[in-house]
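The values are calculated or read from the model by the stated rules, or taken from the named source; none is laboratory data. Source: prediction; values computed, not measured. Here the Cβ positions follow ideal geometry from the backbone for every residue, glycine too, while neighbour counts run over all protein chains shown.
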Amino acid sequence: MGLVQKKLLMPTNQGSIRKVPFALDIRQMPNRRWGNNRGISTCLADGRIEAEIPVPANRAMRLSELAFVLLGLSTEMGAAAEKEMDRQGHKISCRKGCGACCRQFVPVSPAEAWMIAELLQSMPEPVRAKYVERFEKIEARLTEEGFIDRLIGLKSAPNPEEEMRAMARDYFALQLPCAFLEEESCSIYAARPTICREFFVISPAENCSSPHTSPIEGPMLPFHLNVALSRLCYELLGGGRYMIPLSLALWWTKRTEKQRALAFDGAFLIERLQALAQEVIDEEAGKQMGATELDAAKSAADKEF
Ligand code: SF4
């Protein structure tokens, strides 16, 4: 997997990340293929991804369920990025058995933190207990290091993004392997969160052991699903808009049980997610192009339709 919520975790010398162009078209798919946790997503030749996301037709949907059914789309986004790197002649350096980036902060949205907690709940013993013990050990260490207080304090930090970057560096310095890392491989590969699917590098693999001082090169997607999902959670439930480290998913879930249990209309969730994904894409494009240029590009696009 990897780090990279790009605004929050990009090491200072990551100047050469390449942008992968694609737009996203997400539609809900009520009552079809619900239960196998797979939607249909298609990576089109022009770089767009079309995705149909299954939502329950006769009942409301929890955000953790939404996170779960979005995993296929996230895989598709990673695959689109990989394809683009390949097209540009770059080789992916990530290899099975290299878990360097699984010692990162690994930012997940609240919905994914709940998804992970529910995944653990569904595991048979003694597998569940083994993972829970690892989560508890990491939580104890992070408490000892003052990391949890810093995370709670983020809401009122004068510069939350800067503090988040500092936290990502400090977290990596602790070299705490993800609770799901076994023999340097992911033991929940099929259920790994979105950022683990959307991140890979083309720079030398050894650089990932010192990502805050060595050049890391990889694709920059127009947005990451964890960011859009995170915005959706905070839009619906309020809160400080920060990402949660994967390793604190259980800690977070204990604090937010009431919010985890809330359910919403699935079609509404997909509609808002699509809008928020677009908001992130526009913000990123605005940063690249400058606001005036973006407005001009948008009005030119409007005229075309
Ligand atoms: S979930 Fe898997 S891929 Fe993601 S950080 Fe943990 S071990 Fe690595």
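Please state which one of S93, S74, S109, S156 is among the hydroxyl-bearing types (S, T, Y) and modelled with pLDDT of 95 or more.
Numbers: S93 fails: modelled with pLDDT of 95 or more; S74 fails: modelled with pLDDT of 95 or more; S156 fails: modelled with pLDDT of 95 or more.
Answer to the selection: S109.
What are the residues in the stretch 118-138 that are touching a residue at least 24 places away in the same chain (Cβ under 8 Å) and surrounded by fewer than 21 Cβ atoms within 10 Å (Cβ to Cβ), if any?
Residues of the stretch 118-138 touching a residue at least 24 places away in the same chain (Cβ under 8 Å): 118-120, 131-132, 134-136, 138.
E118, L119, L120, Y131, V132, R134, E136, listed by residue number.
With the checklist (1) hydroxyl-bearing (S, T, Y); (2) at pLDDT 90 or above; (3) within 16 Å of the ligand (Cβ to nearest atom) in hand, flag the one item S209 doesn't pass.
Only one criterion is unmet by S209, namely (2).
Assess whether D86 counts as being farther than 24 Å from I49 by Cα, out of contact with any Leu (no Cβ under 8 Å at 6 or more places or on another chain), modelled with pLDDT under 95 and of a type outside the set (G, A, S). Before you say what the answer is, go through the steps one by one.
On the way: farther than 24 Å from I49 by Cα: no; out of contact with any Leu (no Cβ under 8 Å at 6 or more places or on another chain): yes; modelled with pLDDT under 95: yes; of a type outside the set (G, A, S): yes.
No, not satisfied.
Just to verify a result, which residue in the stretch 256-268, among those that are more than 18 Å from G239 (Cα to Cα) and touching a residue at least 40 places away in the same chain (Cβ under 8 Å), is surrounded by the most Cβ atoms within 10 Å (Cβ to Cβ)? Full working, then the answer.
From the stretch 256-268, those more than 18 Å from G239 (Cα to Cα) are 265-268; that's our starting set.
Adding the requirement that they be touching a residue at least 40 places away in the same chain (Cβ under 8 Å) leaves 265-267.
Numbers: D265: 14, G266: 24, A267: 16.
Among residues in the stretch 256-268 that are more than 18 Å from G239 (Cα to Cα) and touching a residue at least 40 places away in the same chain (Cβ under 8 Å), the one surrounded by the most Cβ atoms within 10 Å (Cβ to Cβ) is G266.
As an exercise: evaluate A79 against (1) within 15 Å of the ligand (Cβ to nearest atom); (2) of a type in the set (G, A, S); (3) within 19 Å of the chain's Cα centre (by Cα) and give the number of the one condition it does not meet.
Unmet condition: (1).
Out of the residues in the stretch 165-191 that are over 22 Å from R95 (Cβ atoms) and surrounded by fewer than 18 Cβ atoms within 10 Å (Cβ to Cβ), which is farthest from the ligand (Cβ to nearest atom)?
In the first step, residues of the stretch 165-191 are kept if they are over 22 Å from R95 (Cβ atoms); the result is 165-171, 173-174.
Those still in the list that are surrounded by fewer than 18 Cβ atoms within 10 Å (Cβ to Cβ) too: 166, 169-170, 173-174.
Details: A166: 20, R169: 17, D170: 17, A173: 17, L174: 14 Å.
By that ranking, first place goes to A166.
Return yes when T292 is modelled with pLDDT of 90 or more and not in a loop (DSSP other than H, G, I, E, B) and no when it is not.
Values: modelled with pLDDT of 90 or more: no; not in a loop (DSSP other than H, G, I, E, B): yes.
Spelling it out, it is not the case that T292 is modelled with pLDDT of 90 or more and not in a loop (DSSP other than H, G, I, E, B).
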